[in-house]
1. Return a yes/no flag: does the range 19-40 have any residue that is among the basic types (Lys, Arg) and surrounded by fewer than 18 Cβ atoms within 10 Å (Cβ to Cβ).
2. From (1) touching a helix residue (DSSP H, G or I) at 6+ places or on another chain (Cβ under 8 Å); (2) surrounded by 12 or more Cβ atoms within 10 Å (Cβ to Cβ), pick out the condition that doesn't hold for Trp56.
3. Residues Ala72, Ala52: which one is modelled with pLDDT under 95 and touching a strand residue (DSSP E or B) at 6+ places or on another chain (Cβ under 6 Å)?
Amino acid sequence: MHELCIEPHASEISRLIDWVEAGCRRHGIADDVTFKMKLALEEAVMNVISHAFTGWPPPHTILVRLDITPDAIIAEIVDNGRPFDPTTAPDPDLTLPLDKRHPGGLGIHLMRSLTDRLGYARERSNNVLRMEKARA
């Protein structure tokens, strides 16, 4: 398993994406699978940066773990921000016109669509979001 600690700033996203891409390339992951995992991770980490630490006492930490098995890519995002379980968020009603939709929820919908499994746990004052994507 590989780990990357990032600061809770949008400027860190490019470093995260480069790191994920390099790890996937080293393990021969197909480009389309790599793209989906990068996009899901970018969305998840941006949600943490944008929402988890607002009004929450420092220090603020984000740790990303990446494990590539023979069958799947498994990513975990660990942050010490306010508790939030995205797996319990309702799916947005995509049939409604844009001006009738409630704000938010599309990022979580995107993460669900791009991955095969999305899981959450609250461990020792940390949010742990786990995303899995099959290699094939």
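The values are calculated or read from the model by the stated rules, or taken from the named source; none is laboratory data. Source: prediction; values computed, not measured. No Cβ is skipped: glycine too gets one built from the backbone with ideal geometry, and neighbour counts run over all protein chains shown.
1. The first filter runs over the range 19-40 and keeps only residues among the basic types (Lys, Arg), leaving 25-26, 36, 38.
Remaining after also requiring surrounded by fewer than 18 Cβ atoms within 10 Å (Cβ to Cβ): 25-26.
Scanning the range 19-40 turns up at least one residue that is among the basic types (Lys, Arg) and surrounded by fewer than 18 Cβ atoms within 10 Å (Cβ to Cβ).
2. (1)
3. Values: Ala72 fails: modelled with pLDDT under 95.
From the options Ala72, Ala52, the qualifying one is Ala52.
Per-residue answers, yes or no, for (1) of a type in the set (Phe, Trp, Tyr); (2) closer than 13 Å to Cys24 by Cα:
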residue	(1), (2)
Phe35	yes, yes
Lys38	no, yes
Glu42	no, no
Pro58	no, no
Ile74	no, yes
